[in-house]
Amino acid sequence: MTSNLLHRWPSALGLGCAVLVLVAGAGRDVLAVVLGVAVLCYLTAAATRRRWMAWVGIAAGSVAVAASELAGLPWWAGLGFVAVVLVAGGLVGGVPRAPLTAQTVALLGYGGLAVTAVLVVPAVGMVLAGLALAAHGVWDVIHHRRDEVVPRSLAEFCVLLDVPLGLGFLALAATGAVSG
C-alpha cells in the first residue's frame, strides 16, 4: 500500500498545489502564470531534448516570472524571453523539429490565452484561464499516454494540477468570486 502511494507522488503533489492555490484565494493572474509556466516546462524539455528538464523548466519559469515583475515588466515578458531563448537554442542545437514545433505552437496558443486572460475583464479572464488550464490537462494526458517529451511524472503532476485548478476557477467564476 505504501509503495503504491509513493509511486503516486506526482498526483499528490499536483493536487496538493491545486488545493493550495484555490484555498489561498488566488486570482486569474496566478492562474494565467500557472498556465504559462506549464507550457514553458514542456518547451524546455523539447528544446533541450532532455525530458527531465521539464521539471527544471518549472523552476526556470518561476524565476523568469519573478525577475520580470521585479524589473517592472509583465510576468509574460520573462516567460516570452525564456521561450525565445529555448527555441533558438533548440534550433541551433539541432533538436528534432517535430517536438520543438509542437511545443512552440502549444506555448503560443496556451500562452496567448493566458496573456489574454489578464488583459480582459476579470470575470471573462477567470473563465478563459480556467478553461485553458483545464484543457491543458488534455495535453498532459496525451503526453503521459504517449510517454513523450516530458517524464510521465511531470505529465501526471500537471494533470492533477491543471484540471482541478482550472475547474476550480471555473466554479469560482460561476459563483461570482472573481479576483484579479
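The values are calculated or read from the model by the stated rules, or taken from the named source; none is laboratory data. Note that this is a predicted model, so its numbers are computed, not measured. Heads up, the Cβs are rebuilt from the backbone with ideal geometry, glycines too, and the neighbour counts pull from every protein chain shown.
Take residue 72 and tell me if it is closer than 17 Å to residue 139 by Cβ and either free of Cβ contacts under 8 Å to residues at least 40 places away in the same chain or of a type in the set (Lys, Arg) (or both).
No.
Looking at (1) touching a Lys or Arg at 6+ places or on another chain (Cβ under 9 Å); (2) farther than 19 Å from residue 47 by Cα, which is the one condition that is false for residue 154?
Every condition holds for residue 154 apart from (2).
With (1) farther than 25 Å from residue 141 by Cβ; (2) touching a residue at least 24 places away in the same chain (Cβ under 8 Å); (3) hydrophobic (A, V, I, L, M, F, W, C) as the list, and residue 114 as the residue in question, which single condition is left unmet?
All conditions are met except number (1).
Considering 26, 46, which residue is in a helix (DSSP H, G or I) and either modelled with pLDDT under 95 or among the small types (Gly, Ala, Ser) (or both)?
Values: 26 fails: in a helix (DSSP H, G or I).
Selected residue: 46, the only one of 26, 46 that is in a helix (DSSP H, G or I) and either modelled with pLDDT under 95 or among the small types (Gly, Ala, Ser) (or both).
Here is a check on your reading of the model: is residue 89 outside any helix (DSSP H, G or I), touching a residue at least 12 places away in the same chain (Cβ under 8 Å), surrounded by fewer than 19 Cβ atoms within 10 Å (Cβ to Cβ) and not basic (Lys, Arg)?
It is false that residue 89 is outside any helix (DSSP H, G or I), touching a residue at least 12 places away in the same chain (Cβ under 8 Å), surrounded by fewer than 19 Cβ atoms within 10 Å (Cβ to Cβ) and not basic (Lys, Arg).
Could you count how many residues in the range 71-86 are at negative phi and in a loop (DSSP other than H, G, I, E, B)?
Of the residues in that region, 3 qualify.
Quickly run through the range 74-86 and pick out the residues that are surrounded by 14 or more Cβ atoms within 10 Å (Cβ to Cβ) and either touching a Cys at 6+ places or on another chain (Cβ under 7 Å) or among the aliphatic types (A, V, I, L, M) (or both).
Selection gives 77, 79, 82, 83, 86.
Could you please find all residues in the range 49-59 being of a type in the set (Phe, Trp, Tyr) and outside any helix (DSSP H, G or I)?
52
Among the candidates 173, 71, single out the residue that is exposed (fewer than 15 other Cβ atoms within 10 Å of the Cβ) and either in contact with a helix residue (DSSP H, G or I) (Cβ under 9 Å, 6 or more places away or on another chain) or closer than 15 Å to residue 44 by Cβ (or both).
Matching residue, one of 173, 71: 71.
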